[in-house]
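Note sheet for the following structure.
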Amino acid sequence: MSGRPETERKTDGFDAGAIRRQFAILNREIAWLDNAATTQRPEAVLKAMDQFYRQHNANVRRSVHRLGAEATAAYEGARATVARFVGAAAPEEIVFTAGTTAAVNLATFGFARWEIGPGDEVWVSALEHHSNWVPWQQAVKGVGATLKVIPLTPEGRLDLEVFRKGLAAHRTKWVAVAWVSNVLGAENDVRAICDLAHAAGARVLVDGAQGVAHLQPDVAALGCDFFAFSGHKAYGPMGIGALWGRRELLEQTEPLLYGGEMIARVDDLKSTWAEPPYRFEAGTQNVAGAVGLAAAIEWVRDLPAGAHAYVAELAREAAARLAERPGVRVWGPAEGRVSLVSFSVAGVHAHDVAQVLDGRGVAVRAGHMCAQPLMRRLGIESAVRASFAPYNAPDEIRRLLEGVQAAQELFT
Ligand SMILES: Cc1ncc(COP(=O)(O)O)c(C=O)c1O
């Protein structure tokens, strides 16, 4: 990796090995290049969860005994950590969910759909994950509203000019957009989208799933109305994530799950709800998950300077080297990769590429990556994706390239 521009020199001296040693699973000698699907968890996260179960386990907000108080303190402490992480005005603006998918569904069906009526429009972007596309299809269905799509430029960025011209004041109610594409790899100009949408009187939900591990989330700077993310894509546990929403919006949001712990009072025939965020957290919560998520956030926050630039440089380098190979087509904008590269190999199915790589101990994702509408726009059914984290080494790019070459030799 020579001849790098100034910004990339920050990666010099970054010790990926020291990071890697914190991940027991990586002792298996796997080149884990499937971080965009799920990252691995450092000891700090595993220990925090283990400690919760060994020392503090109890239901939260309902037990008067000391373990109940400790578990509640851990859970609400985790909420405060998430709130600080995303720049929320208060911990009460954070709803714990099972992940991004659950968070998007809560925002869509708890709030947005009540604002969408006949003749209204909702926009999604052409690069959305199914999690931020299908719920909006369902939300417009049956109410006489229309789903519109922000198209891509030939370079693979969102075409904001088309979006600007297509926005209909008073008719466009919601815009749903990913912070970072899980296929194309670039950061979207979410701020510009939010400004345009707000000027037209619409609100914006941002899917932060692919951003939080690598970029500093700040909901005020992004300018969105709701922000969703998953813990497991940022070194935290599976089954936990969060929805951030401004307090006044959460106050108007309907619960999606009804039952214990989300109520203020239950009478025979009707009930009233607890304040947000508790009204959205019915039933026994994933407390160990929340504790693990908070530990992961602290771990990300304490990463050495240069970690994010290092990851971006791995992605840039992998994309550049893949693009040099005959028969390989790299997808997405040339500049501004955050952490991943998707590509196709002429004459070789993506699954075959992934299988050959797996035989060489290199784990990548292959398939439609839950972005079928985007795949169709790219004219493909599937692609291969290599995605990076601070524990990956430049040598793993070499192994990736050798595996791709081996797949080409085998299948073409
Ligand atoms: C951009 C994006 N949005 C949403 C999701 C869904 O996240 P989860 O499965 O954790 O709900 C993913 C996961 O791949 C993603 O990459």
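What follows draws every value from the coordinates through simple rules; no lab data is involved. Just so it is clear, the model here is predicted, and its values are computed rather than measured. Counting neighbours? That spans all protein chains shown, and the Cβs are built from the backbone with ideal geometry, glycine included.
Can you give the relative contact order of segment 1-150 as a percent, counting alpha carbon pairs under 8 Å and 6+ residues apart?
Contact order relative to length: 12 percent.
Which of Y53, Y75 has the fewest other C-beta atoms within 10 Å, and how do the rest follow up to the most?
Y53, Y75
Out of every Cα-Cα pair in segment 270-314, what percent are more than 15 Å apart?
Cα-Cα pairs in segment 270-314 separated by more than 15 Å: 65 percent.
When K165, K233 are ordered from fewest to most other Cβ atoms inside 10 Å of their Cβ, what list results?
Sorted ascending by nearby Cβ count, the order is K165, K233.
Relative contact order for the chain: what percent, with Cα pairs under 8 Å and sequence separation of 6 or more?
Relative contact order, the chain: 22 percent.
Given axes a ≥ b ≥ c from the Cα gyration tensor, I'd like to know whether segment 3-115 is rounded (a/c under 1.5), prolate (a/b larger than b/c) or oblate. The partial results should precede the final answer.
Working: a/c = 2.17, a/b = 1.38, b/c = 1.57.
In terms of gyration-tensor shape, oblate.
Apply 1/(1 + (r/R0)^6) to the Cβ-Cβ distance of Q216 and L269, taking R0 = 60 Å, and write down the FRET efficiency to the nearest 0.05.
Here the calculated transfer efficiency is 0.80.
Separation of segment 193-246 and segment 25-98 by C-alpha centroid, Å?
Taking the Cα centre of segment 25-98 as reference, the centre of segment 193-246 is 19 Å away.
Among M238, M49, M369, what is the fewest-to-most ranking by other Cβ atoms within 10 Å?
Ordered by Cβ neighbours within 10 Å, fewest first: M238, M49, M369.
With each pseudo-label sitting 7 Å past Cα toward Cβ, what's the A346-A320 distance in nm, one decimal?
The two pseudo-label positions are separated by 2.4 nm.
Given charges of +1 on the Cβ of Lys and Arg and -1 on the Cβ of Asp and Glu, with all other atoms neutral, how large is the dipole of segment 47-301 about its Cα centre, in debye to the nearest 20?
Working: 24 positive and 27 negative charges, 50 e Å.
Charge dipole of segment 47-301: 240 debye, to the nearest 20.
Looking at the square roots a ≥ b ≥ c of the eigenvalues of the Cα gyration tensor of segment 315-412, which shape do they give, rounded for a/c under 1.5, prolate if a/b is larger than b/c, or oblate?
Note, shape of segment 315-412 comes out rounded.
Got a sec? Charge dipole of segment 342-397, +1 on Cβ for Lys and Arg, -1 for Asp and Glu; which of G367, S344, I380 is way out at the positive end?
I380
Using a Förster distance of 22 angstrom, determine the FRET efficiency expected from the C-beta separation of M238 and R84, and round it to 0.05.
0.45
Compute from the Cα atoms of the chain the Rg and the Dmax, the latter being the longest Cα-Cα distance, and quote both in angstrom.
Cα-based Rg and Dmax for the chain come out at 21.9, 72 Å.
May I ask what percent, to the nearest 5, of DSSP beta bridges between residues of the chain are antiparallel? Please list the in-between numbers first.
On the way: 27 of 47 bridges.
That works out to approximately 55 percent antiparallel.
Quick check on my link table: of K141/K173; K148/K233; K141/K233, which ones sit more than 20 Å apart, alpha carbon to alpha carbon?
Going by Cα-Cα distance, K148/K233; K141/K233 fall outside the 20 Å limit.
Relative to the present Cα-Cα distance, how much length would full extension add between V64 and R376 at 0.36 nm per residue of separation?
Length difference between fully extended and current span is 106.8 nm.
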